[in-house]
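Engineer: One structure coming up, written as structure tokens, with questions to follow.
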């Protein structure tokens with residue numbers, strides 16, 4: 001058997017194996033390398049999970065921003081209500097009413 005035929009036989013035998021068997025063979029042939037790769041993946045996953053999790057400072061900042069937005073909305077609504085009230089008082093023509101009242105009071109004393 002030549003080298004080419006041996007290589008083809010080995011390749012055919014490897015192709016016939018299931019992916020699980022191939023993985024098991026790889027782990028058995030390279031246990032140290034496999035352990036280091038798994039440890040590296042675990043560390044990478046831990047860093048990724050930690051970076052995606054919100055920190056207490058970020059959560060507190062978000063709560064404060066929400067409170068500020070709500071207070072701002074309340075202040076805007078209050079200012080709008082106040083301006084409507086002032087406009088309504090102006091529409092009542094109190095100056096004319098008080099003018100008539102003051103003339104009547106002056107008329108009593110003259």
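Since every read-out is calculated from the coordinates, none of them should be taken as a lab result. Note that the coordinates shown come from a computational prediction; the quantities given were computed from them, not determined experimentally.
Engineer: How much length would be gained if the chain were fully extended between residue 55 and residue 76, taking 0.36 nm per residue of separation minus their Cα-Cα distance, in nm to one decimal? Can you show the working numbers first?
Structural biologist: Values: separation 21, 0.36 × 21 = 7.56 nm, distance 3.18 nm.
Length gained, residue 55 through residue 76: 4.4 nm.
Engineer: Report the extension gain between residue 64 and residue 91 in nm, rounded to one decimal, defined as 0.36 nm multiplied by the number of residues separating them, less their alpha carbon distance.
Structural biologist: Details: separation 27, 0.36 × 27 = 9.72 nm, distance 4.05 nm.
Stretched fully, the residue 64-residue 91 segment lengthens by 5.7 nm.
Engineer: Write down, largest first, the equivalent ellipsoid semi-axes of segment 55-110 in whole Å, where each equals the square root of 5 times an eigenvalue of the alpha-carbon gyration tensor. Mind showing how you got there, number by number?
Structural biologist: Numbers: eigenvalues 547, 21, 3 Å².
Those come to 52, 10, 4 Å.
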